[in-house]
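Everything below concerns the one structure shown next.
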Amino acid sequence: MSWKLRLLMNMPQGYKKLLVKKPRVCDGRTMDTGTQILLYILEQRREEIDYNTVQPETVRRYYDDLAGTLERNPPSMKHKDHHLQVSDQTIKIREYIPNSIDNDGRCLLYFHGGGFCIGSIKTHDIVCKFLAKMLKWKVLSVEYRLAPEYPFPIPLEDCDKAMDWLINNSEELEIDPKKIAIGGDSAGGNLSACLCIKRQEEGKSMPERQLLLYPGIDTKGDHLSLKTLNEGYFLTQAVMDWFGDNYMTEEDKDNIYVAPLLYKKSHTLPPTVVITAGFDPLRDEGQAYASFLKDAGVKVFEKEYEGMLHGFVNFTIERSNYKALLEITKEFKNII
């Protein structure tokens, strides 16, 4: 991150308002001033991509290059990489060990976002470090295989195997297998929700709780935010269509392991934190899932950060985003 950008984002709120001049308003919400500056920066950096012809590696490289450039300096902590055999290859799981750790054996198994097609341990390295520090738990980040090379259900199966691996190696990792939380952002939120359903259906050991950060939940919903926020906010309709088409077939859209809102036994799912952003096309489906779980009797904490963008936990250079992450981790610790 350049010193100029850091200086700009640390300016007083009044100065930022002078720079923005006219705030963005949509669906009765006003975008935070700092978020509007971040959106401008993102739009300036965005590459013109034809999603009809683009190769996945091009988009992945762009996302990897963005990693860390809009985040505050991460806390220092130890980490260790593990390798898990899946099919005829291995995937990486990075274990983050905070300097100050609770001794009750809790941990968070984390699945990164990126539409099932992009993203990596690298793109969410700083997020996971902050989560580990704030929670005072170990965090284990899973580099599941990506579509279109590995479409549904392979990413979900990788996450399931990572959970099995964590349970089977809990003694060596010094964690309590009954106190494993799972979570993720965007597509990682979908994988978290679907993993809970998959493990319940298969009679396997369940996560203690789940953290869903602006999750993609509904494959066929007619949500307002998908119509009003699908252009001009970097998660555009073209990008979402590209993600969906690469990950699943039309038939897959009715599968409960893709669309959790279709699940009929949701009352037995674990306590859940659902976080949405006001300027996010996925906002309304995340809120619909929170209501769906509440109606079924699941313990849910839900909050919309009205003035923020999809992906805001990756933009902690803005103070309000960092403060939001602090609030989220507090609520996640207290959900049980």
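Which of the following residues is under 22 Å from GLU306 (Cα atoms) and modelled with pLDDT of 90 or more: PRO12, PRO23?
Details: PRO12 fails: modelled with pLDDT of 90 or more.
Being under 22 Å from GLU306 (Cα atoms) and modelled with pLDDT of 90 or more holds for just one of PRO12, PRO23, which is PRO23.
Here LYS303 passes the criteria (1) in contact with a helix residue (DSSP H, G or I) (Cβ under 8 Å, 6 or more places away or on another chain); (2) assigned to a strand (DSSP E or B); (3) of a type outside the set (Val, Ile, Thr); (4) within 23 Å of GLU231 (Cβ to Cβ) except the one numbered (4).
Scan region 79-97 residue by residue and report those that are loosely packed, with under 14 Cβ neighbours inside 10 Å and in a strand (DSSP E or B).
LYS80, ASP81, HIS83, GLN85, GLN89, THR90
Annotation note: Cβ proximity below 6 Å between a residue of region 1-27 that is within 12 Å of ILE41 (Cβ to Cβ) and a residue that is surrounded by 13 or more Cβ atoms within 10 Å (Cβ to Cβ) and modelled with pLDDT of 85 or more (sequence gap 6+ or interchain) occurs for MET1/THR69; MET9/ILE317; MET9/GLU318.
I'm checking my understanding of the structure. Among residues of region 11-57 that are polar (S, T, N, Q) and exposed (fewer than 14 other Cβ atoms within 10 Å of the Cβ), which one is nearest to LEU70 (Cα to Cα)? Before you say what the answer is, go through the steps one by one.
Taking region 11-57 as the starting set, the residues that turn out to be polar (S, T, N, Q) are 13, 30, 33, 35-36, 44, 52-53, 55.
Narrowing the set further to residues that are exposed (fewer than 14 other Cβ atoms within 10 Å of the Cβ) leaves 13, 44, 52-53, 55.
Working: GLN13: 18, GLN44: 13, ASN52: 28, THR53: 28, GLN55: 25 Å.
Checking each candidate, the answer is GLN44.
Would you say SER141 is out of contact with any strand residue (DSSP E or B) (no Cβ under 9 Å at 6 or more places or on another chain), of a type in the set (Ser, Thr, Tyr) and at pLDDT 95 or above? It would help to see each step written out before you state the result.
Numbers: out of contact with any strand residue (DSSP E or B) (no Cβ under 9 Å at 6 or more places or on another chain): no; of a type in the set (Ser, Thr, Tyr): yes; at pLDDT 95 or above: yes.
No.
Applying the criterion of being touching a helix residue (DSSP H, G or I) at 6+ places or on another chain (Cβ under 7 Å) and aromatic (Phe, Trp, Tyr) to the residues of region 244-278, the residue that is surrounded by the fewest Cβ atoms within 10 Å (Cβ to Cβ) is TYR263. Tell me, yes or no, whether region 211-229 has at least one residue that is aliphatic (A, V, I, L, M) and over 20 Å from PRO281 (Cβ atoms). Yes, region 211-229 contains a residue that is aliphatic (A, V, I, L, M) and over 20 Å from PRO281 (Cβ atoms).
Results for (1) closer than 28 Å to TRP3 by Cα; (2) surrounded by 20 or more Cβ atoms within 10 Å (Cβ to Cβ), shown as yes or no for each residue.
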site	(1), (2)
MET77	yes, no
ASN99	yes, no
GLY113	yes, yes
LYS138	no, yes
GLU143	no, yes
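Output yes when any residue across region 273-283 is in a helix (DSSP H, G or I), closer than 28 Å to VAL25 by Cβ and touching a strand residue (DSSP E or B) at 6+ places or on another chain (Cβ under 8 Å), and no when none is. Yes. Restricted to region 138-250, the set of helices (runs of 4 or more DSSP H) holding at least 1 residues that are in contact (Cβ under 8 Å) with a residue 40 or more places away in the chain, over 30 Å from TYR40 (Cβ atoms) and aliphatic (A, V, I, L, M) comprises 154-168, 170-173, 187-201. The residues in region 274-319 that are over 18 Å from ARG209 (Cβ atoms), under 16 Å from the mean Cα position of the chain (by Cα) and free of Cβ contacts under 8 Å to residues at least 60 places away in the same chain can be counted, and the count is 4. Residue check: CYS117 meets all listed conditions (1) outside any loop (DSSP other than H, G, I, E, B); (2) over 25 Å from GLY34 (Cβ atoms) but one, namely (1). Give me the residue from region 208-242 that is touching a Cys at 6+ places or on another chain (Cβ under 7 Å) and buried (at least 23 other Cβ atoms within 10 Å of the Cβ) and, out of that set, farthest from PHE315 (Cα to Cα). The qualifying residue farthest from PHE315 (Cα to Cα) is GLN210.
For region 169-202, filtered to residues that are among the hydroxyl-bearing types (Ser, Thr, Tyr) and under 14 Å from the mean Cα position of the chain (by Cα), the residue that is farthest from VAL139 (Cα to Cα) is SER186.
The values are calculated or read from the model by the stated rules, or taken from the named source; none is laboratory data. Source: prediction; values computed, not measured. Neighbour counts are summed over all protein chains in view; Cβ atoms, including those assigned to glycine, are modelled from backbone coordinates with ideal geometry.
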